[in-house]
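**Q** One structure is given below, represented as structure tokens, and several questions about it will come after.
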Amino acid sequence: MTSLSPHFGLRPDRRLEELLGYFKTQKRALIPGCGYGGTILSLLRRGWNVTAFDKNVEALVFIKDAVSQEERTRLTLTQDNVSAFDLTGQQFDLVIISNLLHFLDQKSAISFLQKVQIALQPEGIIFIRLFSQKDFMTSLAKSDRYYPPLKKLLALLNKLTIIDLQEKQVKDDHEPYGPHTHDIIELIVQNTK
């Protein structure tokens with residue numbers, strides 16, 4: 001069992017190095033629901049261009065203050081939500097959707113996943129981390145929150161090639177639950193067409 005490295009926190013995603021291994025050069029990344037931007041900062045410092053958005057104004061201010069003048073030229077940062085964010089005409093090599101889908105209703109989640117696939121470059125990668133239906137949070141969630149069954153998620157992404165799929169338990173520690181574990185799914189898919 002591994003420890004959960006919160007995407008909304010200051011540290012980069014714990015699988016970032018693995019994801020970057022799929023690319024020979026720096027490219028363009030999308031990070032929806034970016035939180036406080038640990039992954040953004042890590043990508044920028046490696047030369048990537050990053051588009052990111054979040055509803056949390058405090059987090060966005062933190063990110064803006066943390067990046068250098070040069071890094072700002074490669075960062076597009078917006079206060080927005082998944083339903084409203086416009087991907088029209090944009091193309092990305094890497095999309096990191098980490099612990100985001102459960103904040104959406106089913107219609108918004110499906111629509112966003114469809115838009116992201118259209119915006120994915122050939123050979124581009126999407127990384128998705130989400131709570132599995134086995135997780136205790138699914139029974140506590142508001143009825144409008146979306147916890148897609150794995151089969152449904154794979155069906156939504158059926159035009160992409162599965163590179164890695166892991167179901168595992170991770171340790172976490174936050175209010176109001178204290179120390180606990182989550183059942184999660186981590187999926188890496190690639191546009192091989």
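The values are calculated or read from the model by the stated rules, or taken from the named source; none is laboratory data. In this text, all values refer to a predicted model and were calculated from it rather than measured experimentally. Cβ coordinates were reconstructed from backbone atoms using ideal geometry, including for glycine residues, and neighbour counts include every protein chain displayed. Side chains included, ligands, DNA and RNA excluded: accessible areas come from the protein's heavy atoms. Shrake-Rupley method; radii C 1.70, N 1.55, O 1.52, S 1.80 Å.
**Q** Restricting the search to segment 134-164, which residues are open to solvent by 70 Å² or more (accessible area, probe 1.4 Å), free of Cβ contacts under 8 Å to residues at least 40 places away in the same chain and of a type outside the set (Ser, Thr, Tyr)?
**A** Leu140, Lys142, Asp144, Lys151, Lys152, Asn158, Ile162
**Q** Thr39: part of a helix (DSSP H, G or I), touching an Asp or Glu at 6+ places or on another chain (Cβ under 9 Å), hydroxyl-bearing (Ser, Thr, Tyr) and surrounded by 13 or more Cβ atoms within 10 Å (Cβ to Cβ), yes or no?
**A** The answer is yes for Thr39.
**Q** Those residues that are out of contact with any helix residue (DSSP H, G or I) (no Cβ under 7 Å at 6 or more places or on another chain), of a type in the set (A, V, I, L, M, F, W, C) and part of a strand (DSSP E or B), I need them from segment 154-186; list them, please.
**A** Hits for segment 154-186 are Ile162, Ile163, Leu165, Val170, Ile184.
**Q** Residues to consider are Arg74, Arg28, Arg14; find the one that is at pLDDT 90 or above and open to solvent by 70 Å² or more (accessible area, probe 1.4 Å).
**A** Step by step, each of Arg74, Arg28, Arg14 is checked, and only Arg28 is at pLDDT 90 or above and open to solvent by 70 Å² or more (accessible area, probe 1.4 Å).
**Q** Would you mention how many residues in segment 94-143 are farther than 17 Å from Asp164 by Cβ and assigned to a strand (DSSP E or B)?
**A** 3
**Q** Which pairs turn up if I take residues in segment 165-177 that are surrounded by 12 or more Cβ atoms within 10 Å (Cβ to Cβ) and look for partners that are modelled with pLDDT under 85 and in a strand (DSSP E or B) with beta carbon separation below 6 Å, at least 6 apart in sequence or on another chain?
**A** Correct list of pairs: Val170/Thr2; Lys171/Ser3.
**Q** Okay, next question. For segment 83-111, which positions are touching a helix residue (DSSP H, G or I) at 6+ places or on another chain (Cβ under 9 Å) and surrounded by 20 or more Cβ atoms within 10 Å (Cβ to Cβ)?
**A** If the condition is that a residue be touching a helix residue (DSSP H, G or I) at 6+ places or on another chain (Cβ under 9 Å) and surrounded by 20 or more Cβ atoms within 10 Å (Cβ to Cβ), then Phe92, Leu94, Val95, Ile96, Ile97, Ser98, Leu100, Leu101, Leu104, Ala109 are the ones that fit.
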